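Scroll down for the structure; my scribbles are underneath it.
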Amino acid sequence: MQSQQLLSIRKAIKSYLGFLEGTGKALNTITNYRYDLELFASYLSDAYGAKMPPLKAVQISDLRGFHEHLKAQGQKANSRRRRVMAVRGWVKYLTKRNKLGEDFSGQVLPPAKIERIPEFLAVDDLSNRIKNRWGRFLETEVAAPAGEQSSRLSDQSATLQNRNALLLLTLLETGALVSEVCRLTIDDFSANSVAISGKLARDVPVSEDYFRVCQPIIDQIRVESTASLKKSQWLFQGFRQAGPIGTPITPRGVELLVKEFAVLENLPQLTPRTFRHSRVVQWLVDGKSKTEIMKRLGLQTDYAFRVYLPIIKKLSKVSLIT
């Protein structure tokens, strides 16, 4: 039987996970946090046994001991880093709610992160796969008569497929974060750029091909939104069986969409971040400067750009960039 102390700790973990879900964290992120925090709870249970302290008495030595325990198990630096940071976030959350006596989260430094070369795919190949999979209206329907076009797009299945295609193409074209794309409105789209609102608002230039392919869908979304009782300015709405629900798709919804697309296209390495990384590589090959790419991504420091340095080095060796 679990002790009352362990139950209270697991209740506090559940509360924190609910908080993370409310902030729009992706399903994979929340799943990872749950696993890491349960590891910490199990560590405390094993370390203290029957003398396990109450939640409010959890202290810095417990987090340090947890980290040493992970090292003794031979866990790699990045895994240890993630787990220590998960506990630190949990501690900060609990302290703000007076569930812990002291916020010691900043006093335990996680291991330095070991950077890996991000996974990326050819932009043209990804774009064609998206169009072929879900973009039925994108190429073949553009020239359809107005009445016929309206009739076809009134079908909710077609509308959903078009939304899926447009969303993935926008991730790929702009290099924006999932959370940023979820919040795009109809008016953020123009012939030359997409206006991104995030930590750093910016206008990301788009290609003529992207605009030509996507404008008919956006025009249709605008028409349907105006005609609907659930008027919405969101470009990418959530969907139910009856159609759009008037609120933006969630990051978790995008994550599930990318997962579905990856399975359909047999691309096991594909994640939402792959779209961003693939676009950065294409910008580098196209000769865009680091400063310009950082501006398009909404990055303000060299440290934030460091993940792409191995890619630059790799591409330079094969003379794709100078």
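Counted by neighbouring Cβ atoms within 10 Å, the residues Ile217, Ile293 run from fewest to most as Ile293, Ile217. Normalised by 2.2 N^0.38 Å, where N counts its residues, the alpha-carbon radius of gyration of region 162-223 equals 1.01. One chain, two ends: Ile245 and Leu200. Fully extended at 0.36 nm per residue, the span grows by 13.4 nm beyond their Cα-Cα distance.
Counting other Cβ atoms within 10 Å as a rough exposure proxy, the listed residues Thr301, Thr247 run Thr301, Thr247 from fewest neighbours to most. Structure remark: mean-square fluctuation, Gaussian network model of the chain, C-alpha springs under 10 Å; the largest value among Ala191, Ala165, Ala57 belongs to Ala57.
Per residue of the chain, the DSSP helices (runs of n ≥ 4 H) give a summed -39500 (n - 2.57) that works out to -18500 deg cm²/dmol at 222 nm. In terms of surrounding Cβ atoms within a 10 Å radius of their Cβ, Trp283, Trp134 rank from fewest to most as Trp283, Trp134. Measuring between alpha carbons in the structure, the pairs from Lys99/Lys199; Lys14/Lys99; Lys14/Lys96; Lys199/Lys290; Lys25/Lys92 lying more than 25 angstrom apart are Lys99/Lys199.
The local environment of Asp203, defined by Cβ-Cβ distances under 11 Å, has a net charge of +2 under the rule Lys, Arg +1 and Asp, Glu -1. Summarising the amide proton neighbourhood of Val194: residues at separation of 5 or more, or on other chains, whose placed amide H is nearer than 5 Å comprise Val204, Val206.
I need the shape label for region 1-117. Rule: rounded when a/c is under 1.5, else prolate if a/b > b/c, else oblate, with a, b, c from the alpha carbon gyration tensor. Could the numbers behind the result be given before it?
Numbers: a/c = 1.55, a/b = 1.18, b/c = 1.32.
Oblate, since a/c reaches 1.5 and b/c is not below a/b.
If you plug the beta carbon distance of Glu102 and Lys76 into 1/(1 + (r/R0)^6) with R0 = 30 Å, you get a FRET efficiency near 0.50.
Taking 7 Å steps out from each Cα toward its Cβ at Ser15 and Ser193 produces label points 4.5 nm apart. Based on Cα contacts under 8 Å between residues 6+ apart, the chain shows a relative contact order of 17 percent. Amide H to amide H distances under 5 Å link Gly243 with no residue, where only residues 5 or more positions off or on other chains count and H is placed in the peptide plane.
Counted by Cβ distance under 14 Å from Ala72, the other residues give a net charge of +3, where Lys and Arg count +1 and Asp and Glu count -1.
Taking the Cα centre of the chain as origin and assigning +1 to Lys and Arg Cβ atoms and -1 to Asp and Glu Cβ atoms, the resulting dipole is close to 1480 debye. Computed over neighbours whose Cβ is under 14 Å from that of Ala176, the net charge equals +4, Lys and Arg +1, Asp and Glu -1.
Quick note: the coordinates plus some simple rules give every number you see, no bench work behind them. Keep in mind that what you see is a predicted model, and the values were worked out from it rather than measured. Note: ideal-geometry Cβ built from the backbone for every residue, glycine included; neighbour counts use all protein chains shown.
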